């Protein structure tokens, strides 16, 4: 091999040394930079499926959370609708319960035989008040049944708390009841 170098001239030797230096620089560059980039690329390719599964899991979790948020929004809207439509409003029209009772009495044709007694009470934790209304009514079974039905289908929160039979006349079919209703007010 030494004889081979002896055959080369000085200019050719300089070119050969320059090429060797260039080859050494290329190898150093390849070892130092290109292999690191290749390893990083290989690592990225290997971890890509795991990262894609993580993204899919996060998207599914995000979708589930959006659905839950949507259900909570619907529940909030339902609560607001219940408050607006079904509770009596104390601040707007406190006499609405009395007007509704008068309308039910007229519709059913039932006769009140005692004074109506109103009793207010507050719920401590909620912003609700309940009004208990006690009165006695008399009439035939059909009229009393119609009265109870009208109270049950009334759109506001007006409910029968208690019914007590006071008198039953078997000859005329007249029944006298003591009724306690509860109407719910929202502050």
Condition check for residue 65: farther than 30 Å from residue 183 by Cα and either surrounded by 10 or more Cβ atoms within 10 Å (Cβ to Cβ) or in contact with a strand residue (DSSP E or B) (Cβ under 6 Å, 6 or more places away or on another chain) (or both)
yes
Which ones in region 76-104 are at pLDDT 85 or above and touching a helix residue (DSSP H, G or I) at 6+ places or on another chain (Cβ under 8 Å)?
104
Pair list, Cβ < 7 Å and 6+ apart or interchain, from region 107-126 residues that are farther than 14 Å from residue 138 by Cα to residues that are not in a strand (DSSP E or B):
107/150
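Using the structure shown, decide if residue 153 is within 22 Å of residue 186 (Cα to Cα), touching a helix residue (DSSP H, G or I) at 6+ places or on another chain (Cβ under 6 Å) and at pLDDT 90 or above.
no
Is it true that residue 97 is part of a helix (DSSP H, G or I), in contact with a strand residue (DSSP E or B) (Cβ under 6 Å, 6 or more places away or on another chain) and closer than 29 Å to residue 134 by Cα?
Spelling it out, residue 97 is indeed part of a helix (DSSP H, G or I), in contact with a strand residue (DSSP E or B) (Cβ under 6 Å, 6 or more places away or on another chain) and closer than 29 Å to residue 134 by Cα.
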Applying the selection to region 106-142, what residues are crowded, with 17+ Cβ neighbours inside 10 Å and either farther than 22 Å from residue 187 by Cα or at pLDDT 90 or above (or both)?
108, 110, 133, 134, 135, 136, 137, 138, 139
Over region 156-187, the set of residues assigned to a loop (DSSP other than H, G, I, E, B) and farther than 19 Å from residue 131 by Cβ is 170, 171, 172, 173
Test result for residue 58, part of a helix (DSSP H, G or I), at pLDDT 90 or above and either within 15 Å of residue 177 (Cβ to Cβ) or assigned by TED's automatic domain parsing to the domain that holds residue 168 (or both):
no
Checking residue 177 against (1) in contact with a helix residue (DSSP H, G or I) (Cβ under 7 Å, 6 or more places away or on another chain); (2) in contact (Cβ under 8 Å) with a residue 40 or more places away in the chain; (3) under 30 Å from residue 81 (Cβ atoms); (4) surrounded by 12 or more Cβ atoms within 10 Å (Cβ to Cβ), the condition it does not meet
(3)
Return the pairs, sorted by first residue and then second, in which the second residue is part of a helix (DSSP H, G or I), the first residue lies in region 8-21 and is surrounded by 11 or more Cβ atoms within 10 Å (Cβ to Cβ), the beta carbons are less than 8 Å apart, and the residues are 6+ apart or on different chains.
8/16; 13/5
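The values are calculated or read from the model by the stated rules, or taken from the named source; none is laboratory data. These figures come from a predicted structure and were not determined experimentally. Every residue, glycine as well, gets a Cβ built from its backbone with ideal geometry; the counts of neighbours run over all protein chains shown.
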